[in-house]
1. Look at the stretch 187-236 and say how many of its residues are outside any loop (DSSP other than H, G, I, E, B) and away from the ligand (no atom under 16 Å from the Cβ).
2. Among the residues of the stretch 297-323, which ones are open to solvent by less than 20 Å² (accessible area, probe 1.4 Å) and either more than 18 Å from the chain's Cα centre (by Cα) or not assigned by TED's automatic domain parsing to the domain that holds L200 (or both)?
3. Mind checking which residues of the stretch 50-59 are open to solvent by less than 30 Å² (accessible area, probe 1.4 Å) and either farther than 15 Å from A191 by Cα or among the aromatic types (F, W, Y) (or both)?
4. Being of a type in the set (K, R) and not in a loop (DSSP other than H, G, I, E, B) is the requirement here; does R270 meet it?
5. Looking only at the stretch 324-333, how many residues end up being more than 16 Å from the ligand (Cβ to nearest atom) and either among the hydrophobic types (A, V, I, L, M, F, W, C) or outside the structural domain of R53 (by TED's automatic domain parsing) (or both)?
6. I'm checking my understanding of the structure. Among residues of the stretch 192-237 that are modelled with pLDDT of 95 or more and basic (K, R), which one is most open to solvent (accessible area, probe 1.4 Å)?
7. Of the residues A251, A244, A308, which single one is within 20 Å of I348 (Cα to Cα) and part of a helix (DSSP H, G or I)?
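The values are calculated or read from the model by the stated rules, or taken from the named source; none is laboratory data. Small disclaimer: the values here were computed from a predicted structure and weren't measured. Note that each Cβ is placed from the backbone with ideal geometry, even for glycine, and that neighbours are counted across all protein chains shown. These area figures cover heavy atoms from the full protein model, side chains too; ligands, DNA and RNA do not enter into them. Shrake-Rupley method; radii C 1.70, N 1.55, O 1.52, S 1.80 Å.
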Amino acid sequence: MTTTLTEIPITAEQLQALIDRVPRVELAFKPTPLEELPRLSRVLGGPRIFAKRDDLTGLAFGGNKVRNLEFRLAEAINAGADTVIMFVDILSNSARQTAAAANRFDLKCVLVLTGRPPAQVTGNLFVDYLLGAEVIFADDAAEQRRAVDHAVARLQAEGRRPFVLNDSPLFGIAAALAYAEATLELLSQLAPQGIDPSHLHLYISSTGKGQPGLELAVRALGLPIQVTGSAVRYTDGQAKAWVAQGVNAAAAFLGLNLQVNGAEIDNRDRYVGPGYGIPSEAGLEAMRLAARTDGLLLDPVYTSKAFAAIIDDTRQGRLTAADTAVYVHTGGLPLMFNLADQLGSLLI
Ligand SMILES: Cc1ncc(COP(=O)(O)O)c(C=O)c1O
């Protein structure tokens, strides 16, 4: 069977129509606000800066995953599941949002998390428990996989119908579809704010799943918008390839004739700092600055490190007063409390 691919560029309406064909449930508050940060712009002496407030998607402290869960949960529900299993890191925001979303559809949620049970249960882990998720800990990825398989077998033996969200090919594609749609939403918010799309730069924290959505929308519509992602783990440039793979997988899924390679992607790993889940100097500066100018809160693991790219680009002259920077705020704020013991002495 030959499948005819749709040539690009296409219109925003055509891209939205393609996304609308994918089964989904309703979860997120949309559109999220596009908020200007004038004090921050003034202090940096650079571009107009806006935050696309996806920390306000509405469910259990919000964040970027609420959008992709609309597709991920629809798939699990349509497959007849009564339980969703998710395997991620102990710090995960995704785990928290998945547990909350599962409750909305009467699904049991099992979280298999890498990490050791901490002495004090706080931040995302506290919320995971509060939401009633079953939490299983694993020391490393291999043990985590065994724990997932064991949980599936146990639940099936109990007569339940488990669905492992991360094992579905839709898992990553859902994130790209969600952020392609968020980009369309953002584009419709530009004119009312007087933003010229020809001098627009989008920034997002992404190590491979959200940035593809921005790239897909901008490229499918043929817009001259710059997209910059900042990775939060690995410093070998690998995230560029993951972003490209994410764009290509989502484009193929939607039937678009669109392919990119890693060399065309701006994904930076220079703001990772000492490592995943460890605050960096640049991230701490961003946290302080955003909070003390426009009262915008950033988290220490994802959003502050990505915001460092805007500060860096302004200082390096890559962003000027002629430009507009839109920061896609992906949420993650409970992580402040996971890392509160370190942050107290670093920030106050
Ligand atoms: C707050 C926040 N921002 C950004 C990301 C990055 O998303 P991805 O690497 O999947 O694009 C995550 C992922 O867990 C997150 O929790």
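1. Of all residues in the stretch 187-236, those outside any loop (DSSP other than H, G, I, E, B) come to 187-193, 197-205, 211-220, 226-230.
Next cut, away from the ligand (no atom under 16 Å from the Cβ) only: 187-193, 197-201, 219-220, 226.
Of the residues in the stretch 187-236, 15 are outside any loop (DSSP other than H, G, I, E, B) and away from the ligand (no atom under 16 Å from the Cβ).
2. Of the stretch 297-323, the ones open to solvent by less than 20 Å² (accessible area, probe 1.4 Å) are 298-301, 303-311, 313-314, 319, 323.
Result: I311, D313, T314, L319, D323.
3. The first filter runs over the stretch 50-59 and keeps only residues open to solvent by less than 30 Å² (accessible area, probe 1.4 Å), leaving 50-52, 54-55, 57, 59.
Answer for the stretch 50-59, where residues must be open to solvent by less than 30 Å² (accessible area, probe 1.4 Å) and either farther than 15 Å from A191 by Cα or among the aromatic types (F, W, Y) (or both): F50, A51, D54, D55, T57, L59.
4. Details: of a type in the set (K, R): yes; not in a loop (DSSP other than H, G, I, E, B): no.
It is false that R270 is of a type in the set (K, R) and not in a loop (DSSP other than H, G, I, E, B).
5. In the first step, residues of the stretch 324-333 are kept if they are more than 16 Å from the ligand (Cβ to nearest atom); the result is 324-325.
Now narrow it down to the ones that are either among the hydrophobic types (A, V, I, L, M, F, W, C) or outside the structural domain of R53 (by TED's automatic domain parsing) (or both): 325.
Residues flagged as more than 16 Å from the ligand (Cβ to nearest atom) and either among the hydrophobic types (A, V, I, L, M, F, W, C) or outside the structural domain of R53 (by TED's automatic domain parsing) (or both) within the stretch 324-333 amount to 1.
6. Among those that are modelled with pLDDT of 95 or more and basic (K, R), it is K209.
7. Details: A251 fails: within 20 Å of I348 (Cα to Cα); A244 fails: within 20 Å of I348 (Cα to Cα).
Residue meeting the stated conditions: A308.
Every residue, every condition in (1) touching a residue at least 40 places away in the same chain (Cβ under 8 Å); (2) over 19 Å from M287 (Cα atoms); (3) of a type in the set (S, T, Y), yes or no:
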residue: T3; (1), (2), (3): yes, yes, yes
residue: R21; (1), (2), (3): no, yes, no
residue: A28; (1), (2), (3): yes, yes, no
residue: G58; (1), (2), (3): no, yes, no
residue: E70; (1), (2), (3): yes, yes, no
